[in-house]
């Protein structure tokens with residue numbers, strides 16, 4: 001019986017024709033897993049090549065690079081409403097479309113082409129944190145847990161019926177980077193789990209999202225990284241964790257941007273009222289900065305033109321650089 005089930009699974013797996021739509025590294029990780037598991041990816045859809053970096057050179061998306069490496073046909077439309085694109089996708093005669101961080105809205109007429117519809121892997125506990133930056137917002141707002149939600153897609157952004165949810169704790173030390181890695185691992189496993197079930201059931205049970213609980217995770221801009229010392233220390237600590245590696249949290253001294261890469265909030269009681277943004281202590285390992293409530297203890301910085309470095313190492317190896325900014329200026333410019 002087990003041998004028969006395995007043969008049936010392999011037969012169904014080879015028959016299932018998948019179109020994969022995605023663009024950034026999060027999508028790349030999931031596509032790589034599908035390729036490794038030998039699923040039949042007949043076409044990849046990804047956003048058009050974009051200018052990036054200081055030189056604004058045109059760069060391919062991570063998904064496109066992986067598709068080219070594995071000789072998978074690629075489509076890069078600027079939108080999916082064009083009649084020719086609809087015709088091309090129809091001719092593929094695929095069974096399902098898997099969408100992960102694609103970045104372009106997929107209209108209903110495209111989703112209706114696929115007999116099994118479309119499924120989306122989203123790194124949050126929907127309906128909370130719909131949109132493009134769910135991991136960052138979960139940390140920024142102090143959520144205790146997040147996860148991966150797989151939905152049956154409709155024409156609206158992240159509003160389809162929920163197929164399944166895989167939860168994950170957000171630990172005190174988690175940053176956007178560490179949580180991203182955790183959710184990538186969970187997402188890969190969740191995707192294969194759902195496809196395995198789909199190969200036999202052909203239809204997934206699902207439930208509607210509670211729209212009253214929805215929250216939108218909008219994209220961040222570079223300016224969102226600027227620290228407001230009039231915020232409480234705990235909020236600033238979450239900001240630093242949520243916005244690394246991009247756009248990064250920073251303050252200014254002498255109109256120069258200094259990024260904070262590692263810091264923590266700490267209780268601080270004083271008889272004197274200290275103005276937010278005032279440096280109250282500098283020692284060989286740390287910089288203590290007053291906030292609206294409590295202090296932020298900074299242990300890793302990045303000066304303009306330099307790498308991310310621990311305070312201890314900067315003072316030991318490049319004391320002049322450190323003194324240039326902090327031994328003369330004991331007041332950090334406010335927002």
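Highest-first packing order for the peptide set 205-217, 294-306 is 294-306, 205-217, based on the mean count of other beta carbon atoms within 10 Å. Rounded to the nearest 10 degrees, the inclination of helix 176-201 to the longest alpha-carbon principal axis of the chain is 10 degrees. Computed packing ranks the peptides 146-154, 178-186, 275-283 as 146-154, 178-186, 275-283, most packed first, by mean other Cβ atoms within 10 Å.
For the range 126-200, averaging the sequence separation of C-alpha pairs within contact (under 8 Å, six or more residues apart) and dividing by the residue count gives a relative contact order of 29 percent. Summary of packing: across the peptides 230-237, 18-25, the per-residue average of other C-beta atoms within 10 Å ranks them, highest first, as 18-25, 230-237. Quick one: grab the alpha carbon gyration tensor of the range 62-145, order the square roots of its eigenvalues as a ≥ b ≥ c, and give me rounded if a/c is under 1.5, else prolate or oblate depending on whether a/b is larger than b/c. Prolate is the answer for the range 62-145, as a/c is 1.5 or above and a/b outweighs b/c.
Compactness check for the chain: Cα Rg over 2.2 N^0.38 Å is 1.19. Working from Cα positions, state the angle (0 to 90°, nearest 10) between the long axis of helix 2-15 and the longest principal axis of the chain. So the helix axis and the longest Cα principal axis differ by about 80 degrees. Calculated from the alpha-carbon coordinates, the range 244-298 shows an Rg and a Dmax of 12.0, 38 Å respectively. In terms of other Cβ atoms within 10 Å, 246, 129 run from fewest to most in the order 246, 129.
Pairs of Cα atoms nearer than 8 Å and 6+ residues apart set the relative contact order; for the range 179-276 it is 19 percent. Restricted to Cα atoms, the range 222-326 shows a radius of gyration and a Dmax of 13.0, 39 angstrom. Report, in whole Å, the centroid distance computed from the Cα atoms of the range 259-320 and the range 91-119. If we compute the Cα centre of each part, the gap is 49 Å.
Taking the centroid of alpha carbons for each part, the range 171-239 and the range 124-147 are 4 Å apart. Helix 83-92 and the long axis of the chain differ in direction by around 60°, with both axes built from C-alpha atoms.
Coordinate-derived values only; no laboratory data. Remember, it's a predicted structure, so these values are computed and weren't measured experimentally. FYI the Cβ positions are ideal-geometry reconstructions off the backbone, even for glycines, and counts take in every protein chain you see.
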